[in-house]
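Notes to accompany the following structure.
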Amino acid sequence: MIAFKDIEISDKEAITKYTMTSDRRNCDLSFSNLCSWRFLYNTQYAIVNNFLVLRFWRDGELAYMMPVGNGNLKETIKLLILDARAQGQPFRMLGVCKGMQADLENILPDKFVYTTTRDLADYIYLRTDLATLKGKKFQSKRNFTNRFRRANPNYEYAPITPQNIDECLILEEKWCKTNDCDEFEDTDNERKALTFALKNFEAIGLTGGLLRLDGEIIAFTYGMPINHDTFGVHVEKADTEIEGAYAMINMEFANRIPEEYTYINREEDLGVPGLRKAKLSYNPAILLEKSMVNLLQDEPVELINW
């Protein structure tokens, strides 16, 4: 049996040892996301055969992530299948990208069914695109930031620190009232994850920025590296009454993400039309599709040619 344990903030080094050296850019592997959303998914992890393995519960069903690391992948997948059996659950994995599918087919051909959902694709951008907004395809975004600067010449950008986190939470409360957060499960859960992240900002290892106008915070954002070349932006909130505030915080923060990160992952659109339109308008360099993987007809483990 695999000795899974609940994810704690103190597990950051053990987990990022595997994720930061990986080539995987999907937002699901950000330590901030793993830790901040554990209340909803009961996320657990273990180290097996030099792989980081993750399991969680979604909608009452057990699921795993593709193992992260280098070792005997075939044996590790077998152990995960047996773990699912021990829980009385069919074996499935979520967030499996095309390269991972190839790895699975290489070790166990024709044993899995792959289902891709467009709503869960990650939007990945070139950091330099979001930082500079150069070129014709970003003209509309430059218009927003230029109008913001003209209308608000006294705005200030500052990093998020323990001293201004409470002010960020005040803006989040205002945003929630405007968007009726408490009436929708998804936005209420996001608020819980955001509050946890902000209250444990430094311990989790987050980096963030905010905009002030006349001394008041009008926008903030934060994130952390997903792997060695991709930085994940997990949250972006702004006063919707101030035109260009979203575009401005996006650009300002992108300018402060270290140059070692080629890409910025701004996560999924979850099928929300307005969110999809906004994310597409920034011209993603990669639309990272992720699939659900099910063991074909829940094939008995003992019949698999290991």
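Looking at the square roots a ≥ b ≥ c of the eigenvalues of the Cα gyration tensor of region 106-188, which shape do they give, rounded for a/c under 1.5, prolate if a/b is larger than b/c, or oblate? In terms of gyration-tensor shape, oblate. Lacking any other cysteine beta-carbon closer than 4.7 Å, the following Cys residues of the chain have no compatible partner: Cys27, Cys35, Cys97, Cys168.
Once you reduce region 160-228 and region 21-50 to the center of their Cα atoms, the two points are 20 Å from each other.
Taking the Cα centre of the chain as origin and assigning +1 to Lys and Arg Cβ atoms and -1 to Asp and Glu Cβ atoms, the resulting dipole is close to 980 debye.
What pairs from Lys5/Lys237; Lys177/Lys237; Lys12/Lys290; Lys141/Lys279 go past 22 Å between their alpha carbons? Pairs exceeding the cut-off: Lys5/Lys237; Lys12/Lys290. Working note: Karplus 6.51/-1.76/1.60 with θ = phi - 60° gives region 155-162 the couplings 5, 10, 9, 8, x, 6, 9, x Hz, where Gly and Pro are set to x. Between amide H atoms placed 1.01 Å from N, distances below 5 Å from Arg92 occur with Tyr64, all of them 5 or more places distant or on a separate chain. Per-residue Cβ neighbour counts within 10 Å put Asp129, Asp11 in the sequence Asp11, Asp129, beginning with the fewest. Classified by the C-alpha gyration tensor, region 122-288 has a rounded form. Its axis ratio a/c, with a ≥ b ≥ c, is below 1.5. Here the Karplus relation 6.51 cos²θ - 1.76 cosθ + 1.60, evaluated at θ = phi - 60°, turns the backbone of region 217-224 into coupling constants of 6, 10, 6, 8, 8, 7, x, 7 Hz, with x for every Gly and Pro.
Laboratory data are not the source of any read-out in this text; all were calculated from the coordinates shown. Small disclaimer: the values here were computed from a predicted structure and weren't measured. Here the Cβ is made from the backbone with ideal geometry for all residues, glycine too, and neighbour counts use every protein chain on show.
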